[in-house]
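The values are calculated or read from the model by the stated rules, or taken from the named source; none is laboratory data. These numbers come from a predicted model, not from an experiment. Neighbour counts run over all protein chains shown; Cβ positions are idealised from the backbone, glycine included. The protein model used for the area step is the full one, side chains on, heavy atoms only, and it has no ligands, DNA or RNA in it. Shrake-Rupley method; radii C 1.70, N 1.55, O 1.52, S 1.80 Å.
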Amino acid sequence: MRTTVGIIGAGPAGLLLARLLHRAGIDSVVLESRDRAYVEQRQRAGILEQGTADVLRAVGAGERMDREGLRHDGIELRFDGRRHRVDFPGLTGGRSVTVYAQTEVCKDLVALQVEEGGPLLFEAEALAVEGAEGDRPRVPFRHRGVEQVLECDYVVGCDGFWGVARGAFPAEPSRVFERSYPYAWLGILADVAPSHGELVYARHDRGFALLSMRSPTVSRLYLQVPEGTDAARWGDEEIWDELERRLETADGWRLERGPVTQKSVTPMRSFVHEPMRHGRLFLAGDAAHIVPPTGAKGLNLAVGDVVTLARALVHRRDTGSEELLDAYSATCLRRIWQAERFSCDMTTLLHRAPGATAFDARLQRARLERIASSRAAGTDLAEAYTGFPLQ
C-alpha cells in the first residue's frame with residue numbers, strides 16, 4: 001500500500017489531520033488498532049477551545065457541534081464557600097469555549113473520512129516505523145490478521161504515549177520531561193441535568209471538585225482522590241455526599257443528584273517529548289505531550305499540532321520548501337509549554353497535596369483572591385483557558 005502521509009492512530013489528532021490533508025488534496029491512510037466502536041465510545045475530553053471549534057467548522061465537521069454543543073462564556077471558581085465567575089468574552093475580546101465530548105468529535109470526523117476521505121483502516125495495528133531517516137519510510141502493520149506494509153513520504157504518530165511512533169525515535173537527541181501528581185480524579189457520568197450552567201472548579205480543604213457536563217441532561221463530575229484509588233470502592237451516595245461537601249456555597253446553591261452510569265479514575269501527569277520530529281516521522285497529540293485534565297488542554301493541543309503540520313505539508317507541496325516542516329517541532333512546543341504551564345498552575349491552585357501545610361492553603365487562597373479581584377489576573381486565566389493562538 002502506498003500513500004503520501006501515513007497516519008498511525010484514529011483519535012482526534014489523526015482523524016483531523018486526515019481531514020485537513022483531504023481538503024488540501026493530499027492523500028493519506030489512517031491505521032487504527034482498535035475497532036470503530038471503541039474509537040467512537042472512549043470517554044476523554046469535553047472542552048473545545050475557540051480555535052478548535054473554529055477549525056472543526058472550517059473543515060466541515062462543525063454542524064452537529066454547533067447544534068448540540070454547549071457554548072460556555074465562563075467558568076466559576078469556588079473557595080471558602082464563595083463563588084467567582086470568570087467572564088471569558090469580557091476578558092478576551094469575545095472568545096468562548098464549547099462543551100462537546102471528544103467521542104462526538106471522533107464520530108463526526110470518522111463519518112466524514114469514511115464518506116469522503118482516504119482509507120481509514122480499523123483493527124490495523126502498526127507494528128513499527130522503519131526508514132524514518134530516508135525519503136520512503138515504511139509502516140508494517142497487521143490488519144485483521146494479515147500483515148501488510150504501508151509505504152509513505154511521511155509518517156505521523158498520533159498513537160498516544162504507548163504507541164510505536166514515539167518508540168521509533170532514537171535515544172539521542174530525544175528528551176523527556178515529565179511530572180506525576182500524587183492524586184487522581186474520580187469521575188462519574190450521571191443522568192441528571194447539570195446543577196450549574198457553566199463548569200465549576202472548587203478548591204476545598206478536603207480536596208478539589210469539578211462540576212462539568214456532557215449535555216443538558218448528563219452531568220460529568222470529578223473528585224480529587226489519592227493516587228491509585230479503585231473507583232469500585234466508592235459507593236454512589238458516598239460520591240454525591242463528598243461532591244456536595246466540596247461544592248457547597250454560602251448562598252444556598254444545591255447539587256442535584258441522579259443515577260450514576262459510569263465511574264473511572266484518571267491519573268494526573270505532565271509529559272513532553274522533545275523533539276517532535278525525527279526525519280520524516282512526526283509526533284502529534286498524546287504521543288508527544290500529556291497534560292493534567294485541570295486545564296482542559298489535551299484535545300486542544302492535539303488540534304494545534306495537526307493544524308501546524310498540515311500547513312507545513314501543504315507548504316512543502318506548493319513551494320518545495322522544507323522551512324515549515326523543519327520548524328514544526330519548535331512551533332508546536334512553544335504552544336505546548338504554555339499549555340503545560342497553565343495546566344500545572346490550575347492543578348496546583350485547586351488541589352490539596354498530601355502533606356500540604358496551612359501556609360500552602362493560605363497561598364492557594366491568596367492566588368484565588370488575586371484572580372477574583374484583579375482584571376489582569378482574570379484575563380491571564382481566561383486567555384489561557386479559551387486557547388493559545390493556533391500557529
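Phi angles across the stretch 114-128 convert, under the Karplus curve 6.51 cos²θ - 1.76 cosθ + 1.60 with θ = phi - 60°, into 3J(HN,Hα) values of 5, 7, 10, x, x, x, 10, 9, 7, 6, 10, 8, 5, 9, 5 Hz, Gly and Pro given as x. How large is ³J(HN,Hα) for each residue in the stretch 280-296, as worked out from phi by the Karplus curve 6.51 cos²θ - 1.76 cosθ + 1.60 (θ = phi - 60°), to whole Hz, x for Gly and Pro? Listing the rounded values in order: 9, 10, 10, 9, 8, x, 5, 5, 10, 7, 9, 10, x, x, 4, x, 6 Hz.
For the stretch 1-33 versus the stretch 39-84, the inter-centroid distance based on Cα atoms is 24 Å.
Report the charge-dipole magnitude of the stretch 247-360 in Debye, nearest 20, computed about the Cα centre from +1 at each Lys and Arg Cβ and -1 at each Asp and Glu Cβ.
The dipole magnitude comes to about 240 debye.
The charge dipole of the chain, taken about its Cα centre with unit charges on the Cβ atoms of Lys, Arg (+1), Asp and Glu (-1) only, comes to about 640 debye. Using the average count of surrounding beta-carbon atoms within 10 Å as a protection proxy, the listed peptides 362-370, 199-207, 217-225 rank, highest first, as 217-225, 199-207, 362-370. Length available on full extension from Arg64 to Ala372: 0.36 nm per residue minus the Cα-Cα distance, which gives 107.4 nm. Extending 7 Å from Cα along the Cβ direction at Arg269 and again at Arg142 yields two label points whose distance is 2.5 nm.
Could you list which residues have their amide H under 5 Å from that of Phe282, counting only those 5 or more apart in sequence or on another chain, with H placed in the peptide plane? It is Val155, Val156, Gly157, by chain and number. When the chain is treated as a GNM with alpha-carbon contacts under 10 Å, the residue of Arg245, Arg138, Arg317 showing the greatest mean-square fluctuation is Arg317.
Based on alpha-carbon positions alone, could you give the equivalent ellipsoid semi-axes of the chain from the gyration tensor, as √(5λ), descending, whole Å?
Values: eigenvalues 281, 93, 83 Å².
The three semi-axes for the chain are 37, 22, 20 Å.
Each residue was assigned an accessible area with a 1.4 Å probe, and for Asp108 the value is about 30 Å². Put simply, the amide H of Arg214, placed in the peptide plane, has neighbours under 5 Å in Ser219, Arg220, leaving out anything fewer than 5 places away on its chain.
Once the dipole of the chain is set up with Lys and Arg at +1 and Asp and Glu at -1 on Cβ about the Cα centre, which of Ala18, Cys158, Gly197 lies farthest towards its positive end? Toward the positive end, the furthest listed residue is Gly197. Please say if the stretch 164-323 is rounded, prolate or oblate, where rounded means a/c under 1.5 for a ≥ b ≥ c the square roots of the C-alpha gyration tensor eigenvalues, and otherwise the choice is prolate for a/b larger than b/c and oblate otherwise? Prolate.
Here the peptides 296-307, 230-241 are ranked by packing, the mean other Cβ count within 10 Å, and the order with the highest first is 296-307, 230-241.
Placing unit charges on C-beta atoms (Lys and Arg positive, Asp and Glu negative, everything else neutral), compute the dipole magnitude of the stretch 52-140 about its Cα centre in debye, rounded to 20.
Computed about the Cα centre, the dipole is about 560 debye.
The modelled label-to-label distance for the pair Asp27/Glu178, using points 7 Å beyond Cα in the direction of Cβ, is 3.8 nm.
Whole-Hz Karplus values for the stretch 69-77 come out as x, 10, 6, 10, 9, x, 10, 10, 9 Hz, taken residue by residue from phi with 6.51 cos²θ - 1.76 cosθ + 1.60 and θ = phi - 60°; glycine and proline positions read x. Element breakdown for the chain at a 1.4 angstrom probe: carbon and sulfur atoms account for 49% of the accessible area. Averaging the sequence gap over all C-alpha pairs within less than 8 Å and six or more residues apart, then dividing by the number of residues, gives the stretch 124-165 a relative contact order of 34 percent. Most tightly packed first, judged by the mean number of other beta-carbon atoms within 10 Å of their residues, the peptides 319-329, 30-40, 109-119 read 30-40, 109-119, 319-329.
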